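Read-outs throughout are calculated quantities, based only on the coordinates presented, and are distinct from any laboratory measurement. Since we're looking at a predicted model, the values are computed, not measured. Here the Cβ positions follow ideal geometry from the backbone for every residue, glycine too, while neighbour counts run over all protein chains shown.
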């Protein structure tokens, strides 16, 4: 499996570390809503199909990536920096090309 | 001033090794620059950081991921979003960069002791590196001056192509000896000279 | 002259003679021979014994699909079993032996298994090893004993015990176009793509490029096919953008167009070149893959079809044309299609007598009649082979009338003398890689074969892979695929290549089996017969996946390359459904066996890189016993001659507490936390407050996980307003770094903070003990280190022996102690200066054992207590949980279960029987060695305390604090250690901390 890091280009999955379900939102730090915290810490979507995931390019630029990956086909349809909320989905570049 | 001690120790064996009967495919050396500094910009301040690097080193970096440049004295390249590795033959680069990089632009972190710079040069450099890293080392994909971040199993490496058949690898100092041994092992097939 | 070698012809180098042995007998062959071709040339037809029945087996194929002729190759003590003799190239000194026979290949005692054939039919294990047995071997034990013997009798080659000293390597490659297979289709594709300048890799599993061109005997546009091949290879070699890989099997097609291939770099040589690997594991990332993998000829299923001397027709032709070897002087043919006629003609031309051709079809073309006539064969149309005769080699075949439509045999069977029977049951395109990539093969009724579907992924197909069996089609399709893959405009092919002789009709009759009395093999390697398949159906297995698992059809090392389709066809007939409705199994990697060494590549030995501190060489020179801590190596003890480990650490710890000791702490994780929001960030990730920490001071910090459990601890030093140096435990350095990065990147991207691993930037030496300050004062310049200049948790900068250092006064041992940080490149220099300065004061270096001992005496927690299940309060660190601010974990840490009174709490233990305690031992109220139960908790760390003169331990014990002063028992059944302990406070020594505050 390859993940196309928006910075580094397409790299082998072995360079990446899965960092969990990308659909979670962390409650306000001061929140005492136990259910909200429980949902954030423990509840995970487990769809068969496209899934929002967080991956870290741990063996590369170390950036966290918001990845949409099909859990059935492993097809990665979108990769963007996790910090850029709302940024356009990444378009796969030519192999090895630099931006 | 006290000289830095190489982490390679006895593993550094000058001379020709491996299958060198018909000439060596690569030469391996430790560069030991005086300074290795990470310059990291806040998002949006990348241009200012590049200007700061230019003012200290004279190296003008192009826009874009992994862009880099080299001179006799300095080297610089992007290795992560907003982050650059900058080197100087001489010590003192961290202080010089810190002087140019205010808290509004980003940070400068001295890694002069923390990273070990290893150079591999020769017609078989791409071949040998291909054994260790899942990265496309061909020049069309990896132009001169540019840099990348990658990993060989547990060993992180930042790599700059400093010539047509020359690469400079920056690895964590504690892994340097182990990595050096692996690099030598990988170079056995093509013959290598340690200088 | 070898008995079966033709006087001329073939693509072997007859001037080069190669000597080898098989089962201890010396033979010769020629450069270019495989072990199979060389043995056949020497008249050896018996190469192995079959898996279950120990039936004699010979060579069935000439390639990677070989199920029968598996051999073991010996190199010194290293044995590699289960290699198809068809894939082993001979070299001078090759030593090969046959397998699965006792005492010898010719006289095999287990061959009696053939007589009891019914017993070992499909599902034998499932049916036999069941049911009760009474007596001492009750339960499954009896069956396990039987299995031991049966497994010894059934099977393949034996693995060796000797370590494999070969070198294996991995290579990562990138290309625009990977062409798999170098027959006419693959070569044609590669040639087109090469001219485009695109990066091309051409992989061929055989030792020579050209595929069928090496043995087809055809001419292409007037020149021999092999010359045509050589021209193209010569052309491709001129292109810098083309990489040619022979002896390279592409065996895996993974996501993202990543393909795995195995290059057999040195197997064909007596010894690998210096530094060269035996195998190279290629990981190829290709934009596009052109699959030109050809097709496998299918065996026909009939009684005795496994006898040595029965061979695939195309294989026989290959032996004649490529190797100059005749598999027999007199050859019979059985076929359901035209292609075998070409083989017969080739064998006849090479000198064999074709005694008869039994064609299963009721009618055949004039082309076939002419070919049969030309080779002087008796043509038996509408006939089948219903049995074979001979022992370990074929003597003759039985022929009878056969009606292809009904499968009914008629008339008297007739015997025909022949040394060899060649067969063709049609062709199965090699769709394995496409199937691995997710393509579902489609049944083609005309060709009676599964063909790849229209490509929709990263691959294209060409040639026989697509069911286009003529060389002309192969070349044209390769041309088109090569241009398409290279992104070139398609151009009209001006003239189709002219191939002589002209192609025959590729369509076989839909006959897979000739039903007659006797064992008819479908899967030769796993000894699965047609009756086994029908038995599986009778017993209710209707899914092809179940059929496969129940009968083990297609599960041998050849992965059913030949047996798959015949097996399906027989199943389909039994079920009464057409073949496509029965379905096919999806192929999985690997396409052919892969050496494990190649997958491990450079990760041999302990498989891990070593991480060394700047002072590593000093430790070695000073007789430290090194201890792996993750990837790090740390001194465990610096033992004096004759000392036990306990004596050494007790001496080191005692000397430290009495005078001084020095320890290498360079492995502690160190993270630079920099930026205007660094203090705010630390307040969020630590449970205690850091924003109030003044510059030049350090503070002990505690991190929780989101779920409220303790994550890590360490000190963080404020070096500047926006500049902190965080330390972590050695073990958690990577995890903490990732944790910080995650929150900065994903949760709080607005914070202006950078975190950078600087573990390797700093060498750390901690010196502690009553003399520590004096020692430091004697060697540091540029700063004072007295209580005023350097109070507890203070930081100063100075120099030691000319190297700049940063000194923080903090203590892990409970002694007056200082951590001296220097640039890692100066670490050895500073360490040696400190050791020298310590000599007049009696300072000793100490290792992890003494470090652990002193921290246990002080009751400090570390990894064994921070095990992911303990809360701050469990560890009596509740005082570190700030109430003034939220932090990671604060929302979850007060949950009911995490504040329950019966939770395990940190306590101290004192051994009351004066015997050592062990980590992992349980704490109980009453020890019950016979039936251990009633655990109250467990020991996390234990040592002999030199200061208390007792064996002590830290433990996590339920409601531990309430048990202080009470007695309990250790229960350690694994080590058979039981005995009384007293539960005490974890602060064993100097609970007020007078020593470190000095």
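Which semi-axis lengths, in whole Å and largest first, follow from the square roots of five times the eigenvalues of the Cα gyration tensor of the range C:669-757? Show your work: numbers first, answer last.
Values: eigenvalues 60, 46, 30 Å².
Value: 17, 15, 12 Å, ordered largest first.
Quotient of the Cα radius of gyration of the range C:471-523 and 2.2 N^0.38 Å, N being its number of residues: 1.96. Of all DSSP-defined beta bridges confined to the protein assembly as shown, some 80% are antiparallel rather than parallel. For an R0 of 25 angstrom, estimate the FRET efficiency from the Cβ-Cβ distance between residue B:55 and residue B:91 and round to the nearest 0.05. So, using R0 = 25 Å, E works out to roughly 0.85. Treating the range C:706-822 as a set of equal point scatterers at the Cα positions, no solvent, please give the Debye-formula log₁₀ I(q)/I(0) at q = 0.12, 0.15, 0.20, 0.21 Å⁻¹. Scattering profile of the range C:706-822, log10 relative to I(0): -0.52, -0.76, -1.14, -1.21.
Projected label points at residue C:700 and residue C:750, each 7 Å from Cα along the beta carbon direction, are separated by 3.5 nanometres. The Cα atoms of chain B cover 55, 42, 30 Å along the three principal axes, with the biggest extent listed first. In this structure, residue C:974 and residue A:38 have a Cβ-Cβ separation that, at R0 = 25 Å, corresponds to a calculated FRET efficiency of about 0.10. Give me the percent of Cα-Cα pairs in the protein assembly as shown that sit more than 58 Å apart, rounded to a whole number. Result for the distance tail: 31 percent. The range C:899-998: percent of C-alpha pairs farther apart than 18 Å? Beyond 18 Å sits 43 percent of the P(r) for the range C:899-998. Remark on the range B:105-175: hydrodynamic radius 12.8 angstrom, per the Kirkwood mean of 1/r across alpha carbon pairs.
Among B:17, C:938, the order by Cβ neighbours within 10 angstrom, fewest to most, reads B:17, C:938.
Dividing the alpha-carbon radius of gyration of the range C:815-971 by the rule-of-thumb value 2.2 N^0.38 Å gives 1.31. Each peptide in C:644-655, C:579-590 was scored by the mean count of other Cβ atoms within 10 Å over its residues; highest first, the order is C:644-655, C:579-590. Remark: mean inter-chain Cβ contacts per residue of C:615-623 equal 1, using a 10 Å Cβ-Cβ cutoff to other protein chain atoms.
Expressed per residue, the C-alpha convex hull volume of the range C:166-265 stands at 108 Å³.
Shape analysis of the range C:581-648 yields a ratio of the Cα radius of gyration to the Kirkwood radius, Rg/Rh, of 1.41. Quick one: what does P(r) look like for chain C with 10 Å bins over all Cα pairs, in whole %? Binned Cα distances yield the sequence 2, 10, 15, 16, 12, 11, 12, 11, 7, 3, 0, 0.
Can you divide the C-alpha Rg of the range C:242-352 by 2.2 N^0.38 Å and report the result to two decimal places? Output field value: 1.45.
With the simple model of a label 7 Å out from the Cα in the direction of the Cβ, residue C:643 to residue C:869 spans 3.6 nm. Projected over every direction and averaged, the convex hull enclosing the alpha-carbon atoms of the range C:300-424 yields 6.6 nm². Can you work out D for the range B:35-110 in µm² s⁻¹ from Stokes-Einstein, where Rh is the Kirkwood radius over C-alpha pairs, the temperature is 37 °C and the viscosity is 0.692 mPa s? This corresponds to a translational diffusion coefficient of 280 µm²/s.
What's the FRET efficiency of residue B:10 with residue C:784 using the Cβ-Cβ distance as r and R₀ = 41 Å, to the nearest 0.05?
It comes to 0.55.
For a quick protection proxy, order the peptides C:804-817, C:898-911, A:32-45 by their average other-Cβ count within 10 Å, most packed first. Working shown, then result.
On the way: C:804-817: 23.5, C:898-911: 19.1, A:32-45: 13.6.
With the highest mean Cβ count within 10 Å placed first, the list reads C:804-817, C:898-911, A:32-45.
Would any residue of the range C:555-598 have its amide N under 20 Å from a label point 7 Å out along Cα→Cβ of residue C:440? List them or say none. It comes to C:565, C:568-569, C:572, C:577-589, nothing else. Taken over the C-alpha atoms, the range C:157-208 has Rg and Dmax values of 16.8, 51 angstrom. Counting only Cα atoms, the size of the range C:13-114 along its three principal axes is 45, 29, 21 Å, in decreasing order. Between residue A:45 and residue C:494, the simple spin-label model (points 7 angstrom out along Cα→Cβ) gives 5.8 nm. Counting only other chain Cβ atoms within 10 Å of each residue's Cβ, the peptide C:749-755 averages 5. Inter-chain Cβ neighbour count for C:531-541, averaged per residue, equals 0 (cutoff 10 Å, partner chain atoms only). Descending by average beta-carbon neighbour count within 10 Å, the peptides C:381-387, B:94-100, C:679-685, C:46-52 line up as C:46-52, C:381-387, C:679-685, B:94-100, the highest first. Remark on the range C:876-952: Rg and Dmax equal 17.2, 52 Å (Cα only). Calculated [222 nm] ellipticity per residue, helices only, for chain C: -6000 deg cm²/dmol; basis is -39500 (n - 2.57) per DSSP H run with n ≥ 4, divided by all residues, nearest 500.
Cα convex hull of the range C:497-628: mean projected area in nm², to one decimal?
Hull-based average projected area comes out at 18.2 nm².
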